[in-house]
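The values are calculated or read from the model by the stated rules, or taken from the named source; none is laboratory data. No experiment lies behind these values; they were computed from the predicted model shown. In this analysis, Cβ positions are derived from the backbone assuming ideal geometry, glycine residues included, and neighbour counts consider all displayed protein chains.
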Amino acid sequence: MEVYAGLAGIPVVKSSISYIDGEKGVLEYRGIPIEELAKNSNFLETSYLLVFGKLPSKEEYEKFVSDVKDNLFLDRSIIQFLKDIPPETHPMKVLQSIIPVLSAFDENKEVLDEKHHYSALVNLLGKVPTILATWKRIKEGKEIVMPDPSLDYGENFLYMISGRKPDKLEGRIFDRCLILHAEHTINASTFTAIVVVSTLADFYSAVSSAVGSLSGRLHGGANERVYYMLNELKHINDIEGYVDQKLSRKERIMGFGHRVYKTYDPRAKIIKEMLDQILSLKGNNELVRIATELEKIVLDRLKGKKIYPNIDFYSGILYSLLGIPVEFYTPVFAMARISGWIAHCKEYIRENKLFRPTQIYDGGHNIRYLPLEKR
Ligand code: SDX
């Protein structure tokens, strides 16, 4: 018997939600290539596809959007909760702590049936963007901007964080980012979510636990660290020296590498294209120049190990151009991944098999207790 470090390459579940070919750089949601969805779909339609396994009819789509929009507004007690949290709390911690509290308002919270799945989905999709935007405004000491149900999903978030209605391109680009971040087979945070529901805990507990897992710098937390790294490089005019020093210390360069992709992450490609689109309007950006040079150097050093940019490498620069503050990059990732987490929870719960792996014990046996005075 051997330990499989990080369960690398070990299947723990059968799933039909998404598919990755790491060698070819292919990602499909329910069999549809991510490039098709990013071009033609929107985040709520893609969320429906992920959770229910098919693209919605017009009626199904309109009902789903309306159910999400019915959940955009926060109860006064939730706003007070946000006002009472220490302002220096990281928004991922705010999200992780407040999501279980949202179940208090869900009359389907007791029984883990289809009604619970659906109400958790529309409740979280509706409220999480409002929670993040409200938290940002409270932290900045600015007036809270109420959701505007007349806006599309992505547009509404950009409006609530800034108080300014985004232009159509910004809203469309942000919505596409949400599509790209929605789902990615059994990544660490999705695995966390299905481990939690395997005990028959509810979907709010599963999503809150997944937020905790996503916050780590080896996972969703990388997008924030990439931004800090690029800003640090702005003052160092020796990117090669920086890369060689990190590699000589066996340190990971944030935004590069992936457990599955051994080629360019297809999502990173789409994000880079959208970045170029926005830059054509907003003019050149120092961070893009640095990122492009850094990418070239890292590829040169690590191509042999098949290490390429992943989704987190360019996303932060794009978010900064959309007016999203750096500490909200990973929370935006979480906001999108709610659909993927709930899709997998819904799918896994049918297995109804408790996750309880084993270990290889390498400690002692029958050791005598030694009283304190004799130690
Ligand atoms: C996400 O799983 C998903 O699908 C995640 C995600 C999703 O949508 O859910 O795609 C989102 O989390 C993207 C990844 C974001 N994380 C980062 O950008 C952090 C930096 N990346 C690395 O930490 C790393 O690439 C991982 C964690 C992403 C994957 O690491 P693995 O598969 O555990 O591989 P490893 O750490 O064992 O590295 C293998 C080799 C090592 O060299 P050797 O010891 O064999 O000589 O590759 C090297 C590593 O040193 N390596 C890197 C590197 N990533 C791997 N070296 C420098 N910089 C890196 N970023």
Cβ pairs under 7 Å, 6+ apart or interchain, first in segment 1-25 and touching a residue at least 12 places away in the same chain (Cβ under 8 Å), second within 12 Å of the ligand (Cβ to nearest atom) and of a type in the set (Lys, Arg), ordered by first then second residue, are Ala8/Arg259; Gly22/Lys262; Glu23/Lys262
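Would you check if Leu230 is in contact with a helix residue (DSSP H, G or I) (Cβ under 7 Å, 6 or more places away or on another chain) and surrounded by fewer than 17 Cβ atoms within 10 Å (Cβ to Cβ)?
No, not satisfied.
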In segment 225-252, residues that are free of Cβ contacts under 8 Å to residues at least 24 places away in the same chain, away from the ligand (no atom under 13 Å from the Cβ) and of a type in the set (Asp, Glu) total 2
Criterion first (part of a loop (DSSP other than H, G, I, E, B) and either within 12 Å of the ligand (Cβ to nearest atom) or modelled with pLDDT under 95 (or both)) does Val260 satisfy it?
yes
Go through the residues of segment 187-200 one by one and say whether even a single one is closer than 16 Å to Leu50 by Cβ and out of contact with any helix residue (DSSP H, G or I) (no Cβ under 6 Å at 6 or more places or on another chain).
yes
Give the residues of segment 179-206 that are near the ligand (Cβ under 9 Å from one of its atoms), crowded, with 20+ Cβ neighbours inside 10 Å and part of a helix (DSSP H, G or I), sorted by residue number.
Leu180, His181, Ser189, Thr190
Just to be sure I understand, how many residues within segment 263-295 are within 16 Å of the ligand (Cβ to nearest atom) and out of contact with any helix residue (DSSP H, G or I) (no Cβ under 9 Å at 6 or more places or on another chain)?
2
Scope segment 4-48; condition part of a loop (DSSP other than H, G, I, E, B), β-branched (Val, Ile, Thr) and under 27 Å from Val122 (Cβ atoms); matching residues
Val13, Ile17
Flagged in segment 207-224 as within 11 Å of the ligand (Cβ to nearest atom) and either free of Cβ contacts under 8 Å to residues at least 40 places away in the same chain or touching a Leu at 6+ places or on another chain (Cβ under 8 Å) (or both), in numbering order, are Ser213, Gly216, Arg217, Leu218, His219, Gly220, Gly221
Sole residue being among the aliphatic types (A, V, I, L, M), more than 29 Å from Thr134 (Cβ to Cβ) and either surrounded by 13 or more Cβ atoms within 10 Å (Cβ to Cβ) or within 14 Å of the chain's Cα centre (by Cα) (or both), chosen from Leu302, Leu354, Leu372, Leu318:
Leu302
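Would you mind finding the one in Asp175, Asp148, Asp167 that is charged (D, E, K, R) and either surrounded by 24 or more Cβ atoms within 10 Å (Cβ to Cβ) or within 30 Å of Val13 (Cα to Cα) (or both)? Even if it seems obvious, please write down each step before you answer.
Details: Asp148 fails: either surrounded by 24 or more Cβ atoms within 10 Å (Cβ to Cβ) or within 30 Å of Val13 (Cα to Cα) (or both); Asp167 fails: either surrounded by 24 or more Cβ atoms within 10 Å (Cβ to Cβ) or within 30 Å of Val13 (Cα to Cα) (or both).
That would be Asp175, the only listed residue that is charged (D, E, K, R) and either surrounded by 24 or more Cβ atoms within 10 Å (Cβ to Cβ) or within 30 Å of Val13 (Cα to Cα) (or both).
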Could you look through segment 321-331, keep only residues that are more than 13 Å from the ligand (Cβ to nearest atom) and not small (Gly, Ala, Ser), and pick out the one that is farthest from Leu121 (Cα to Cα)?
Leu321
Hey, Val128 of a type in the set (A, V, I, L, M, F, W, C), more than 14 Å from Leu321 (Cα to Cα) and not in a helix (DSSP H, G or I) or not
no
Can you pull out the helices (runs of 4 or more DSSP H) entirely within segment 50-111 that have at least 3 residues that are surrounded by fewer than 14 Cβ atoms within 10 Å (Cβ to Cβ), in the same structural domain as Gly340 (by TED's automatic domain parsing) and not aromatic (Phe, Trp, Tyr)?
58-69, 76-84
Looking at this structure, is Gly340 in a loop (DSSP other than H, G, I, E, B) and either out of contact with any Leu (no Cβ under 7 Å at 6 or more places or on another chain) or of a type in the set (Gly, Ala, Ser) (or both)?
no
Confirm whether Leu132 is touching a strand residue (DSSP E or B) at 6+ places or on another chain (Cβ under 9 Å) and either surrounded by 14 or more Cβ atoms within 10 Å (Cβ to Cβ) or not small (Gly, Ala, Ser) (or both).
no
Report whether or not Leu318 is away from the ligand (no atom under 16 Å from the Cβ) and either under 22 Å from Ile34 (Cα atoms) or in contact (Cβ under 8 Å) with a residue 24 or more places away in the chain (or both).
no
Only one of (1) modelled with pLDDT of 95 or more; (2) within 16 Å of the ligand (Cβ to nearest atom); (3) not β-branched (Val, Ile, Thr) is not met by Leu302, so which one is it?
(1)
